[in-house]
Amino acid sequence: MPPKQTIRKEEWDRRLHEVQVTKDDLNRLIMDYLVIEGYKSAAEEFSQEADITPPVDFESIESRMNIREALQRGDIEDAITRVNDLNPEILDTNPALYFHLQQQKLIEYIRQGRIADALQFAQSELAPRGEESPEFLSELERTMALLAFESSATAPAGISELLSPGQRMKTAGEVNAAILESLSQGKEVKLVGLLKLLGWGEQLLEEKAEYPQMGV
Amino acid sequence: MTTRPTRSASIPIGPRSSSSLSPSRNIESVISIPFAAPPRPRISNAQSIPRSNVDDHRVGVSYGTRGSSSTTIATSPPRPTARSMTLGNVSGRSSFRTPSTYEPRIVRAGGEGPRSVDAVCLPSTAPARSRRQSGASGRGTSTQRPISGFGAPSLHAPPPVSFPRPTYLDYSALRHMLQTDSPPALPPSRKTEPPSHESQVPSALTSSLTDSDEESNVSPPRELPSAPLPTLSQNKILRLPTRWSDQFRHALLSVSGDGRDLTYHGASCSGDRDAAAARTVHPIPAACGIYYYEVEIISKGQKGHISIGFAGRDVKLSRLPGWEINSWGYHGDDGCSFAAEKTGTRYGPTFGTGDIIGCGIDFTSHRAFFTKNGTLLGPVFDNIGKDIDIYPSIGLRHAGEAVRVNFGHEPFKFDIDFYVLQKRNQIWSRILNTPLDSSLLKTCSIEQDNSAPMTKGPLSEAQTKDVINKLVLGYLEHHGYVKTVRAFQKQREVEMRPTQPVATLTSTSAEDTDVDMVAPPEECDTGDAVACDMERRTKIVKAVIAGDIDMAIAETKAHHLAVLEAEEGLMLLKLRCRKFVELILEAAELKKKMMRTVAGAAGTIPGSHDDGVIEEMDGMDVDDEVVVSSPHSATTNGFNNAAILVRGGRRRNSVSPSDGVIAYGQTLSNEYKNDARPEVKQIFKRTFAIVAWEDPLTAGGVVTEVVGHDAKVALANELNRAILKSQGRPPSPLLETIYRQTAVCVSQLGLMGVGGATFADMEKEFLDA
């Protein structure tokens, strides 16, 4: 192994300065986020204020957002209907997504304390799918474990998190990505990619060199 | 350097900014790495003298000993003639024949002179070379300094066949650094390449050119003369292999003039000990990510005992690649792969006359792969090219064996582009599968739950969202996109609301929701103040862009007085100079109108403007007084232009009814006459120079830069940053900082050939629409 190289701050700063990125570039990154995450009115305002063309029409953002809102309300049935209205192929061609929607529906039953409905639904809809794939099965088991605990406060984090808003967001995000993909648009928010690349890069470089890191 | 005449003073970087080179300046800014066009011996230009020092330093990295050309000539006594011939080549067309000038390896030890002399004396006939070479092959690292091509082949070589960078290398994010010997192509123009005005900006003023704020000439001019020129790795040009080396080849091999053919001459080697190998001039840059070349077996001779592969720089040339340590080869006689071994490992089919063997190295996995006639044979070897430079290398053993290499001279038999594309995509999806680490919360200074101490680990969906929202909001606020911020915040609130009912069910989710629910109102409360502040800031910025400097100054004075007072009122001066520019523009506009009217009325052609101007001025006897009264007219620091200004103002005055212009200019120059700061003088110089032009907006060059819209935008952005700074906020949005940090990180990794970072193409992934 060659010795760890040291990159001095001045040298680093100079390179930072030389990176070629313009306000327009960053504006487009922002727009990408607003569109994908469905901030429709913000995207509209932004296209005005920053004078950039949005990559999609704002209506498509809206229908995606309606679906997302339904999911975040916990109205999974409504969300499924809307997705199918938009494009029935999305769920047909994406069994994992469909399973996760069903799973979310089960979670909502449990949340509402409709235990009988939950059991009925799990048996009729989810169990057969659980047999299809071990991954589905373990997810089903995890969800069913919610029933074993009186309140999620006593449940292990791995299980109680199913009841958190984060779980709804996760499902909503998955649906959003699937729709975007069906519209042949980027589904990954570029900003997230950027952060991932930063994390990946900083970690690798840390092994090889001393250099000024972010947030240090 | 500081006391240059007005026009050139704004071009302190010297020759590089001369118009002929401005494209390369542009390249630098696009790819962050200057093209390092061979420094030309342009001695006549006085500015090139300081510059050459820099070249020395810089070129030391990318070009070895070349450095400042004049110095090189002077300091290589052993072979002055040879050297100057080399240089002649350099300044002329690409000097393929003299690889030593491009050899990126720097002298590792002294005492190279004698070898060079030997080389000159060497006959190019096989026996003599043979002795020489066999001696050479056993030598250590220290004497590896390649000598210029004095063998017969190179002297009589036709001009080298140059070729562009093979297309599969376009998948490397560092592609712009990778160059064949052919003249550098113009920079790849990304769609968002800075508009032309930027490329015209003299280098000195572009120190901030790449800022997303497009902030220009704001760094204090006093820094300009010493503005750090790109050095070291930034200038790195990574030469791709383009030909077999005339030096690093066994004497029994001849290299064709174009550097592509290797032919074995003389008696065949016997036993298992000897062979004749060659390697390329340049090593394979790890920044390629994947490198690939193909070899056509022109003749397999008697046995087809040919090895195709790679070797380190010092591997014996009397051995087949794969026999020695730091060499790897695929052998045609038995189809075995060899990695520093006596007996090979079964790998692929044998090959012979007419076959095309491809040879690739994948730096992301440090493995090699071969192809035969366009078919992939699969990965082979481990840890190849780790921590050492490696070169394409070929070994032959028998009379009549001949091969011809394709380093990208012509299309490859194997679809390497697709292969690399797939690899690239793999790497990229691997990166995208990296979970976001919680250290990001710290980076974005997002406060975490007090109960939970900073946990290392992946971010949750919600946390990710927080981070991104923070980035987005910070960015929008920074640039004052007020309405967007409002719309965004409103939608964020709505987004949070539906989670409320969830709160009632379980305590855990109740807590979660509480946190979520508490946050938005808080943000809103501060949000109002923030919004208010942002609106004020936006108003100021817009006023500058609209040319309403008075309003901008008044508003700034009212809310951000410190900004105007900072640095002894530097910002205020800049604003006032802008106001002066606005006045001049106004006057020029009026005058233009007037001229048109006059010309139209009199039915005459306006003719030379200068004549008209002189007449006008002659007609006004006050002018002289005004000039004399200008306190600085005799100095050379730019205030002589103030005199012109005053005159010009007067002149315009005769045409336009406005008295304000002169008065303003006079006041301004009087107020600051005791300010000896170089940047102040510089600002005055630049500002007042514009009055020498009839129509500064169309004058072009520096003048237009000073008065143009972009200058206004730049000033507005500078003011914006200054205000933010005065509030203790970072002068750049965090998002931008993150982007830059990532870019530097990744390109550094790419240069080091680590982890396939070269396939993380940020421009493509994040910037191209």
Original post:
What accessible area per residue comes out for segment B:313-376, rounded to a whole number of Å², with a 1.4 Å probe?
Top reply: 37 Å²
Subject >> Estimated distance in nm for a label pair at B:Lys673 and A:Thr93, the labels positioned 7 Å out from Cα along Cα-to-Cβ >> reply: 7.8 nm
Original post:
Which parts of segment A:31-73, residue by residue, lose 30 Å² or more of accessible area when the rest of the protein chains are there, as against the chain isolated (1.4 Å probe)?
Top reply: A:Tyr33, A:Tyr39, A:Ser41, A:Ala42, A:Glu45, A:Phe46, A:Glu49, A:Gln72
**OP:** Starting at the first residue of segment A:67-72, write each ³J(HN,Hα) from the Karplus equation 6.51 cos²θ - 1.76 cosθ + 1.60 with θ = phi - 60°, in whole Hz, x for Gly and Pro.
**Re:** 5, 5, 4, 4, 5, 6
Subject >> Those residues of segment A:191-216 for which accessible area with every protein chain present is at least 40 Å² below the isolated value (1.4 Å probe) >> reply: A:Leu191, A:Leu194, A:Leu195, A:Lys196, A:Leu197, A:Leu198, A:Trp200, A:Leu204, A:Leu205, A:Lys208, A:Met214, A:Gly215
Original post:
Given H placed on each backbone N at 1.01 Å, which residues far from B:Gly408 in sequence or on other chains put an amide H within less than 5 Å of it?
Top reply: B:Glu294
**OP:** Would you tell me the mean number of C-beta atoms belonging to other protein chains that fall within 10 Å of each C-beta in B:756-768, as a whole number?
**Re:** 4
Original post:
For segment A:61-184, what is the accessible area per residue in Å² when the probe is 1.4 Å?
Top reply: 45 Å²
Subject >> Separation of the A:Ser138 and B:Gln422 label points, Cα + 7 Å toward Cβ, nm >> reply: 2.9 nm
Original post:
Efficiency by 1/(1 + (r/R0)^6): what FRET value for B:Leu376 and B:Ser429, r their Cβ-Cβ distance, R0 = 25 Å, to the nearest 0.05?
Top reply: 0.75
Original post:
Accessible area drop of at least 10 Å² (1.4 Å probe, protein heavy atoms): which residues of segment A:90-115 qualify, relative to the chain alone?
Top reply: A:Arg111
**OP:** Using R₀ = 45 Å, calculate the FRET efficiency as 1/(1 + (r/R₀)^6) where r is the Cβ-Cβ separation of A:Asn84 and B:Glu586; round to 0.05.
**Re:** 0.10
Original post:
In segment B:240-429, carbon and sulfur make up what percent of the accessible area (probe 1.4 Å)?
Top reply: 47 percent
Subject >> Cα→Cβ-extended label distance, 7 Å offset, between A:Ala116 and A:Asp57, nm >> reply: 4.8 nm
Subject >> ³J(HN,Hα) computed for each position of segment B:346-360 - Karplus, 6.51 cos²θ - 1.76 cosθ + 1.60, integer Hz, glycine/proline x >> reply: 4, 9, x, x, 6, 9, x, 3, x, 6, 10, 9, x, 9, x
Subject >> Pairs of lysines in chain A (C-alpha under 17 Å apart; 8 or more residues apart or interchain) >> reply: 7
Subject >> Mean Cα-pair separation over length for chain A, i.e. relative contact order, pairs under 8 Å, 6 or more apart, % >> reply: 28 percent
**OP:** Would you kindly find the accessible area of B:Cys336, with a 1.4 Å probe and non-protein molecules such as ligands, DNA and RNA excluded, rounding to the nearest 10 Å²?
**Re:** 20 Å²
**OP:** Kindly state, to the nearest 0.05, the FRET efficiency for B:Ser460 paired with B:Val598, given R0 = 60 Å and r defined as their beta-carbon distance.
**Re:** 0.25
Original post:
Where the centre of each part is set by its Cα atoms, how far does segment A:159-179 sit from segment B:370-439, in angstrom?
Top reply: 41 Å
**OP:** Take every residue in peptide A:167-173, count the Cβ atoms of other chains within 10 Å of its Cβ, and give the average of those counts.
**Re:** 3
Original post:
Hey, got a sec? Which chymotrypsin sites (Phe, Trp or Tyr not before Pro) in segment B:664-708 land in a DSSP loop and have at most 11 other Cβ atoms within 10 Å?
Top reply: none
**OP:** Would you kindly derive the ³J(HN,Hα) couplings of segment B:372-388 from the backbone phi angles with the Karplus curve 6.51 cos²θ - 1.76 cosθ + 1.60 (θ = phi - 60°), listing them in order in whole Hz, with x for Gly and Pro?
**Re:** 10, 6, x, 9, 6, 9, x, x, 7, 6, 10, 6, 7, x, 7, 6, 10
Original post:
If one computes the Cα centroid of segment B:657-706 and of segment B:295-353, what distance in Å separates the two points?
Top reply: 71 Å
Original post:
Across peptide B:725-734, how many C-beta atoms of other chains are within 10 Å of each residue C-beta, on average?
Top reply: 1
Original post:
Just how large is the dipole of segment A:61-184 about the Cα centre, in debye to the nearest 20, putting +1 at every Lys and Arg Cβ and -1 at every Asp and Glu Cβ?
Top reply: 360 debye
Original post:
Accessible area per residue, 1.4 Å probe, Å², for segment B:527-577: what's the number?
Top reply: 44 Å²
Subject >> Positive minus negative residues near A:Gly130 (Lys, Arg vs Asp, Glu; Cβ under 12 Å) >> reply: -4
**OP:** Please give every one of the lysines within straight-line cross-link reach of B:Lys673, meaning a C-alpha to C-alpha distance under 27 Å, and leave out same-chain neighbours fewer than 8 residues apart.
**Re:** B:Lys557, B:Lys574, B:Lys579, B:Lys681, B:Lys685, B:Lys712
Subject >> Solvent-accessible area buried by pairing B with A, both sides, nearest 100 square angstrom, 1.4 angstrom probe >> reply: 7200 Å²
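The values are calculated or read from the model by the stated rules, or taken from the named source; none is laboratory data. Quick caveat: nothing in here was measured; it's all calculated off a predicted structure. Quick reminder, even Gly has a Cβ in these numbers, built from the backbone with ideal geometry, and neighbours come from all protein chains shown. Please note that ligands, DNA and RNA were not included when accessible areas were found on the heavy atoms of the full protein model with its side chains. Shrake-Rupley method; radii C 1.70, N 1.55, O 1.52, S 1.80 Å.
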